[in-house]
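The values are calculated or read from the model by the stated rules, or taken from the named source; none is laboratory data. Small disclaimer: the values here were computed from a predicted structure and weren't measured. When we count neighbours, we look across all protein chains shown, and the Cβ atoms used for this are built from the backbone with ideal geometry, even at glycine.
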Amino acid sequence: MTLHGRSDATLNCTGVPMGSPDIHHAVQTVSDVTESLVVGVERRGGYWVPLFVSLALGAVVDDRRQSAIVTAIGEGASLRHPPDDIIQIDAVPKADRQEAEISVKRILLGQRRADVVDLGAVDRPEVLAEIADLAAARSP
């Protein structure tokens, strides 16, 4: 099998590669999900797939919505690629109008925000700070 494209945007759960846009398209079908960002992170102890979602005003990631997201991914993308965690964020950070997916992945791997992205070029640097705090709290 030949996989074309950026490998840093590829999820590799259980040895089956899948592009993150496939997950995004499936998640966008869930009520009140406005944006999403998913990354696969190689860490000691295994592969971690957090899914970050931004929801409509007043909506929260509760059990019902988590179930709907996992079902949407299974039906619209892959049963082999459910997220390990679904994390609500205010907005998906963007640099140059594109999701800061690579930067988020590097932050989750323990790199400093300032080392992976020009914070002045990111539309929501405070969200990257929240993700950095999450990474520090969940560091294996």
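Which one of Arg64, Arg44 is modelled with pLDDT of 95 or more and surrounded by fewer than 16 Cβ atoms within 10 Å (Cβ to Cβ)?
Details: Arg44 fails: modelled with pLDDT of 95 or more.
None of the other options fit; the residue is Arg64.
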>> For region 39-59, check the following and say yes or no: at least one residue is part of a helix (DSSP H, G or I) and either within 12 Å of the chain's Cα centre (by Cα) or closer than 18 Å to Leu11 by Cβ (or both).
In response: no
> Which residues, counting only those in region 17-38, are touching a helix residue (DSSP H, G or I) at 6+ places or on another chain (Cβ under 9 Å) and not in a strand (DSSP E or B)?
Replying inline: Ser20, Pro21, Asp22, Ile23, His25, Ala26, Val27, Gln28, Thr29, Val30, Ser31, Asp32
> Residues in region 96-114 that are surrounded by 20 or more Cβ atoms within 10 Å (Cβ to Cβ) and outside any helix (DSSP H, G or I): how many?
Replying inline: 2
> Do you know which residues across region 70-88 are within 12 Å of the chain's Cα centre (by Cα), surrounded by fewer than 19 Cβ atoms within 10 Å (Cβ to Cβ) and either at pLDDT below 90 or not aliphatic (A, V, I, L, M) (or both)?
Replying inline: Pro82, Asp84, Asp85, Gln88
> Does any residue of region 24-35 turn out to be surrounded by 15 or more Cβ atoms within 10 Å (Cβ to Cβ), modelled with pLDDT of 90 or more, on the phi > 0 side of the Ramachandran plot and out of contact with any Gly (no Cβ under 8 Å at 6 or more places or on another chain)?
Replying inline: yes
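Quickly run through region 108-132 and pick out the residues that are farther than 17 Å from Val53 by Cα and either in contact (Cβ under 8 Å) with a residue 60 or more places away in the chain or out of contact with any strand residue (DSSP E or B) (no Cβ under 8 Å at 6 or more places or on another chain) (or both). Write out each step before concluding.
The first filter runs over region 108-132 and keeps only residues farther than 17 Å from Val53 by Cα, leaving 109-122.
Matches in region 108-132: Leu109, Gly110, Gln111, Arg112, Arg113, Ala114, Asp115, Val116, Leu119, Gly120.
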